[in-house]
Protein chains: 2
Amino acid sequence: MSKHAKEMGILKEHLGKHQLKFTRQRELILDAFLKQEHITAEEMYHQLARRDPHLGLATIYRTLNLFCEAGLAQARHFGTQTQYDNVSHKGHHDHLICTGCGKIVEFENCDIERLQEEVATQNGFTITTHRLELYGLCSRCRH
Amino acid sequence: MSKHAKEMGILKEHLGKHQLKFTRQRELILDAFLKQEHITAEEMYHQLARRDPHLGLATIYRTLNLFCEAGLAQARHFGTQTQYDNVSHKGHHDHLICTGCGKIVEFENCDIERLQEEVATQNGFTITTHRLELYGLCSRCRH
DNA sequence: ATTCTTTTTGATATAGCTTATCAATTTCAA
DNA sequence: TTGAAATTGATAAGCTATATCAAAAAGAAT
Ligand SMILES: [Mn+2]
Ligand SMILES: [Mn+2]
Ligand SMILES: [Zn+2]
Ligand SMILES: [Zn+2]
């Protein structure tokens, strides 16, 4: 049984439902993606260049977007490049980002989530998604 | 006494401190900017094309960024284009954004702000900025 | 008012990231 | 094995924002 059998199964299920095919590239990229928490398409491109020098950047982008549709990834726009967040093994969360070293810490706070709903209700809105990012310095970078 | 005398004063003070010059374009753009809550550079470009067809897009971008440095504006990245937020007459706030019609509602919630600080402290971070955006449907678009 | 230095402007090229295009290749069900 | 349909990789194109640079404008000093 392969290391990422469960996620590979989720992908295959998604592929099956949408008349998409299981390819060597998709397997390769999923395997590498699941070893990361957050990664950009470019980073993944360089990382995989060793294993398969012919893998195209467009394929990386297409495949990471496919993972988003399959629920395995979520695109996040922290800086200039899109970060693909590996959400295969976790639920909703938000982020603390160190502007010094780029460190990203995930957190979940029910109280904040609840207050967001309150704010929305007060203004007649129904929330579908939200984005909460706290930027600052981690303890190491502050000193 | 002009309509935006106070803000024009803030701009002039900033210009004076930084060896920058007061130009016809800067005056024109500030005047138009202060009539908006949120606006993109392109929108402003088209709006002002009537008054001054020769005004360049680069000048709009430069000038709106100048307003940010002077504390009159804040750049926000809601969608694909940067929204310049007119903060000349208000303090910190976050946003509710309707994905149906594009409506933007501003709000401020001290409890959320406080909880954000708590989260940061728990993780050894010192927050310098944050971004909180709630996306959903406004009451009109839900029905 | 004129001169002169510095800043600004507008047109356009360029950058940076992501998606679109398309011929060649691969998948996979029949 | 065959053949229709999807995928891939190379590269062009799209889109927003900034960089470049010669010409124009600002404004302090004369
Ligand atoms: Mn995350
Ligand atoms: Mn605002
Ligand atoms: Zn750090
Ligand atoms: Zn709406």
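The values are calculated or read from the model by the stated rules, or taken from the named source; none is laboratory data. What you are looking at is a predicted structure, and each value in this text was computed from that prediction instead of being measured. Here the Cβ positions follow ideal geometry from the backbone for every residue, glycine too, while neighbour counts run over all protein chains shown. To get the accessible areas, we keep the full protein, side chains included, count just its heavy atoms, and leave off ligands, DNA and RNA. Shrake-Rupley method; radii C 1.70, N 1.55, O 1.52, S 1.80 Å.
Evaluate the charge dipole of chain A about its Cα centre and quote only its size in Debye, nearest 20, assuming +1 on the Cβ of each Lys and Arg and -1 on the Cβ of each Asp and Glu. Walk me through the numbers before you get to the answer.
Working: 18 positive and 18 negative charges, 136 e Å.
The calculated dipole for chain A is roughly 660 debye.
Run the helix sum for chain A: -39,500 (n - 2.57) per DSSP H stretch of 4+ residues, divided by residue count, reported at 222 nm to the nearest 500 deg cm²/dmol.
Working: 6 runs with 63 residues, N = 143.
One gets -13000 deg cm²/dmol as the mean residue ellipticity at 222 nm.
How far, in nm, would the chain grow between A:Gln19 and A:Asp52 when pulled straight, counting 0.36 nm per residue and subtracting the alpha carbon separation? Before the final figure, lay out each step's value.
Working: separation 33, 0.36 × 33 = 11.88 nm, distance 2.58 nm.
Length gained between A:Gln19 and A:Asp52: 9.3 nm.
Quick one: work out Rg over Rh on the C-alpha atoms of the protein assembly as shown, Rh as Kirkwood radius. Please list the in-between numbers first.
Working: Rg = 22.8 Å, Rh = 22.1 Å.
Result for the protein assembly as shown is an Rg/Rh of 1.03.
Which whole number of Å³ per residue matches the convex hull of the alpha-carbon atoms in segment A:5-86? Walk me through the numbers on the way to the answer.
On the way: hull volume 7.1 nm³, N = 82.
For segment A:5-86, the hull spanned by Cα atoms encloses 87 Å³ per residue.
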Charges on Cβ only, +1 for Lys and Arg, -1 for Asp and Glu, centred on the Cα centroid of chain A; of A:Met44, A:Gln81, A:His14, which one is farthest towards the dipole's positive end? A:Met44
Using 14 Å as the cut-off for backbone N distance, which residues of segment A:120-138 belong to the label zone defined by a point 7 Å from the Cα of B:His92 along Cα→Cβ? A:133-137
Checking the table A:Lys17/A:Lys90; B:Lys17/B:Lys90; B:Lys6/B:Lys103; B:Lys6/B:Lys90 against a 19 Å threshold on Cα-Cα, which pairs fail? A:Lys17/A:Lys90; B:Lys17/B:Lys90; B:Lys6/B:Lys103
Once neighbouring chains are kept in place and the probe is 1.4 Å, which whole percent of the accessible area of segment A:5-86 is contributed by carbon and sulfur? 48 percent
Probe 1.4 Å, heavy atoms of protein chains only: per residue, the accessible area of the protein assembly as shown in Å² is 56 Å²
Interface residues of segment A:104-143, defined as losing at least 50 Å² of accessible area versus the chain alone with a 1.4 Å probe, are A:Ile112, A:Leu115, A:Val119, A:Phe125, A:Thr126, A:Arg131, A:Leu134, A:Tyr135
Restricting the count to DSSP beta bridges whose residues both fall in the protein assembly as shown, what percent are antiparallel, rounded to a multiple of 5? 80 percent
Name the cysteines of chain B that stand alone by the Cβ rule: no other cysteine Cβ under 4.7 angstrom. B:Cys68, B:Cys101, B:Cys110, B:Cys141
Considering only C-alpha atoms, what is the centroid distance from segment A:91-126 to segment A:35-51, in Å? 27 Å
Hey, got the average number of other protein chain Cβ atoms within 10 angstrom for residues in A:91-103? 2
In a shell of Cβ-Cβ distance under 14 Å around B:Lys90, excluding B:Lys90 itself, what net charge do Lys and Arg (+1) and Asp and Glu (-1) give? -4
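Expressed as a whole percentage, what fraction of the accessible surface of segment A:94-142 belongs to carbon and sulfur atoms when a 1.4 Å probe is rolled over the protein heavy atoms? The partial results should precede the final answer.
On the way: 1140 of 2390 Å².
About 47 percent, which is the carbon plus sulfur part of the accessible surface.
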If we sort A:110-123, A:14-27 on the protection proxy, mean other Cβ atoms within 10 Å, highest first, what's the order? A:110-123, A:14-27
If the label for B:Lys17 sits 7 angstrom from Cα along the Cα-to-Cβ line, what are its distances to the same label in every other copy, in nm to one decimal, shortest first? 5.5
